[in-house]
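Following: one structure in structure tokens, then a few remarks.
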Amino acid sequence: MYSQGVIIMQNNMDDSNNANKRGIYAFQRSIDIITAILLLTNQITIEGIFIRPRKFSISVGGPLFGGTRVVPKDNWAIEQDILDLIHIFLAILLLSDKITITGIFITSAEFTVTVSGPIFGYTRTVPSTLMLENYQSFYSAVKEHYIVPPELLSNLMRNDGNGQC
């Protein structure tokens, strides 16, 4: 009887993890698709390439992300056409799930998004629920072993409706 309960609990946790992974993957795909659209509409452009042994990633950004638009020197049409072809190539790879967003770099004035994938030498990015599981484990341990005094909670909570303490 006990082992059946454990199996049922494990199946419920697996279902929950699978649902969380599907949600994370859907969110990641949405961001990939949005990035592809921004590349195709010239809202963002290539800002840099990170080269590492046997792999590389491409950083994209632009005015939409607080940066500047990269334009060819002297506005040569052939250079702009090559840049547009690279944007189309990256967008196709993003839409076909060959590459994905692997990182976001934030500075004081702007941010850039880095894309890469197996085609560029990086391993496939897979959704992970580890952070959520760690949070739940931490929350249950704190709830079980620590008691927060009510007077401390009342001091930390706002006591009027307009956001003032």
Pseudo-spin-label distance ILE78 to ILE51, built 7 Å along Cα→Cβ, given in nm, is 2.3 nm
Can you work out the base-10 log of I(q)/I(0) for segment 61-109 at q = 0.14, 0.19, 0.31 1/Å, using the Debye formula on its C-alpha atoms alone? -0.50, -0.84, -1.06
Taking 35 Å as R0, compute the FRET efficiency from the Cβ-Cβ separation of ASN134 and ILE86 and round it to 0.05. 0.35
How far apart, in nanometres, would the label points at ILE37 and ALA19 be if each is projected 7 angstrom from Cα along the Cα-to-Cβ direction? 2.8 nm
Would you check the accessible area of TYR139, probe 1.4 Å, heavy atoms only, in square angstrom rounded to 10? 120 Å²
Would you mind computing, in nm to one decimal, how far apart the modelled labels at HIS145 and ALA109 are, each placed 7 Å from Cα along Cα→Cβ? 4.7 nm
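The values are calculated or read from the model by the stated rules, or taken from the named source; none is laboratory data. This one's a predicted model, so the numbers in the text were calculated from it and none came from an experiment. Counting neighbours? That spans all protein chains shown, and the Cβs are built from the backbone with ideal geometry, glycine included. Surface areas here come from the heavy atoms of the whole protein model, side chains and all, with no ligands, DNA or RNA. Shrake-Rupley method; radii C 1.70, N 1.55, O 1.52, S 1.80 Å.
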